[in-house]
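One structure is given below, encoded as structure tokens.
What follows draws every value from the coordinates through simple rules; no lab data is involved. As the structure is a computational prediction, the values presented were derived from the model and not from experiment. Here the Cβ positions follow ideal geometry from the backbone for every residue, glycine too, while neighbour counts run over all protein chains shown.
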Amino acid sequence: MMRVFLALCLALLVGAAVPAASSPPKGSNLRTSVFAGGCFWSAEHDMEGVRGVVDVVVGYSGGAKRNPTYENHEGHLEAIRVTWDPARTTYPELVAAFFRNIDPTDPNGQICDIGPSYRTAVFVETDAEKRVAEQVKADVARQIRRPVATRILPRSTFWVGEGYHQDYAVKNPGHYKRYRVGCGRDARIRAVWAGRG
């Protein structure tokens with residue numbers, strides 16, 4: 001236990017991300033799911049407002065590199081770990097809400113954030129989750145009548161991002177609003193989903 005504590009302290013001191021447990025505390029009915037929705041500030045901000053979501057944490061996932069940092073997370077996607085209450089929502093509803101908050105047609109990133117680390121993905125932990133995610137993805141393609149670039153990937157270690165990235169939109173509202181408006185995220189998402197219910 002002391003070794004884990006010291007490793008976490010060291011990682012925080014050098015600014016590295018730390019691995020996060022994949023499941024909520026024992027005795028809890030809450031579940032966690034991991035998504036990559038482009039800029040993790042925006043993905044966190046948008047998913048926090050979804051019914052049944054209890055908590056959202058930003059970080060990195062999908063790559064082989066251990067202890068990724070914001071400056072060096074090559075191979076990883078900027079990602080969010082969503083803790084949610086299955087008494088208030090379902091996994092299919094959560095995945096559908098994620099898709100409604102991104103441009104799923106963009107294979108190169110998200111809107112103004114271009115590059116491999118900004119690509120979108122649903123990380124699945126079981127065959128059942130994979131089937132649900134693939135079904136929602138197919139439904140999205142039918143709704144928007146365009147190919148969907150968002151990938152369905154096996155869930156891997158989620159590394160919690162640096163503290164200054166957590167709740168960024170809340171802690172830095174002016175800067176975040178300028179970024180979001182300048183990026184054109186809301187306008188692009190509205191355009192993709194216009195008239196789709």
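Amide H contacts for ASP106 (H built 1.01 Å from N in the peptide plane; partners 5 or more residues away or on another chain; cut-off under 5 Å): ALA149. In order along region 115-131, the Karplus-derived 3J(HN,Hα) couplings, from 6.51 cos²θ - 1.76 cosθ + 1.60 at θ = phi - 60°, round to x, x, 6, 9, 5, 9, 7, 10, 8, 10, 9, 9, 4, 5, 4, 4, 4 Hz, and Gly and Pro are given as x.
The angle between the Cα long axis of helix 91-100 and the longest principal axis of the Cα atoms of the chain comes to about 70 degrees, rounded to the nearest 10.
Exposed loop sites are taken as trypsin sites (Lys or Arg not before Pro) in a DSSP loop (any state but H, G, I, E or B) with at most 16 other beta carbon atoms within 10 Å; the longest stretch of the chain without one runs 89-144. Once the Cα atoms are used to define both axes, helix 2-14 deviates from the longest principal axis of the chain by about 60 degrees. Overall dimensions of region 93-180, expressed as equivalent-ellipsoid semi-axes from the Cα gyration tensor (√(5λ), whole Å, largest first), are 25, 17, 12.
Computed from backbone phi with θ = phi - 60° and the Karplus coefficients 6.51, -1.76 and 1.60, the 3J(HN,Hα) list for region 48-64 is 5, x, 7, 4, x, 7, 9, 7, 9, 10, 9, x, 9, 7, x, x, 8 Hz; x is used for glycine and proline. Scanning residues 5 or more positions from ILE152 or on other chains, those with amide H under 5 Å from its amide H are VAL122, with H placed 1.01 Å from N in the peptide plane.
Restricting the calculation to Cα atoms, the chain yields a radius of gyration followed by a Dmax of 16.4, 55 Å.
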